[in-house]
Structure formats: structure tokens, C-alpha cells
1. Would you point out which residue out of 38, 53 is of a type in the set (Gly, Ala, Ser) and surrounded by 12 or more Cβ atoms within 10 Å (Cβ to Cβ)?
2. Sort through 55, 34 and tell me the only one that's more than 30 Å from residue 7 (Cβ to Cβ) and not charged (D, E, K, R).
3. List every residue pair whose Cβ atoms lie under 7 Å apart, where the two residues are 6 or more positions apart in sequence or sit on different chains, the first residue falls within the range 6-26 and is within 17 Å of residue 64 (Cα to Cα), and the second residue, located anywhere, is surrounded by 12 or more Cβ atoms within 10 Å (Cβ to Cβ) and not basic (Lys, Arg).
4. Quick one: in the range 1-32, of everything that is at pLDDT 95 or above and over 20 Å from residue 56 (Cα atoms), which residue is surrounded by the most Cβ atoms within 10 Å (Cβ to Cβ)?
Amino acid sequence: MTATGPKPHAKLEKWIWILIYGGLFLLILGIAAGRSDAVLGWSVALPGAALAAAGVVLIYVRSRLEP
């Protein structure tokens, strides 16, 4: 039986999912807030979309890293 160490990219994977889920949450929150105040909605939704996009880019970066 061999002991396996931590996954080499575990920290990166954690941040990928935090960015994706957090960004999508902010995007949906911004859409909901946009019904009563358009400026507030856009100011919450756009950073949320950017965070989710950053998470998707990190998925590509992770796929290009050595195992």
C-alpha cells in the first residue's frame, strides 16, 4: 500500500470552482437587482460575469499544466 500525497493542483482547482460559482451567484444577484435598479444590477452582474469567466480561463490553464 502506498501513501498518496495531496493532488498537485488542488489549490488551483479550489480557486477555479470558487470563481465560477461565486461569479455565477453574483451574476444572478445582479440580474435580480437589475429589476429594481438598473445601475446596481449592472454593477453587480458584470463583475460576477468576469469572475466566472476567469474561472473558465483557469480551467484551460489547468489543462495545460504538467500533471
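1. Working: 38 fails: surrounded by 12 or more Cβ atoms within 10 Å (Cβ to Cβ).
Going through 38, 53 in turn, just one is of a type in the set (Gly, Ala, Ser) and surrounded by 12 or more Cβ atoms within 10 Å (Cβ to Cβ): 53.
2. Numbers: 55 fails: more than 30 Å from residue 7 (Cβ to Cβ).
After ruling out the rest, the residue left standing is 34.
3. Sorted first by the residue in the range 6-26, then by its partner, the pairs are 12/58; 15/58; 16/55; 16/58; 16/59.
4. Among residues in the range 1-32 that are at pLDDT 95 or above and over 20 Å from residue 56 (Cα atoms), the one surrounded by the most Cβ atoms within 10 Å (Cβ to Cβ) is 31.
The values are calculated or read from the model by the stated rules, or taken from the named source; none is laboratory data. As the structure is a prediction and not an experimental result, all values here were calculated from the model. Methodologically, a virtual Cβ is constructed for each residue, glycine included, from the backbone with ideal geometry; neighbour enumeration extends over all protein chains shown.
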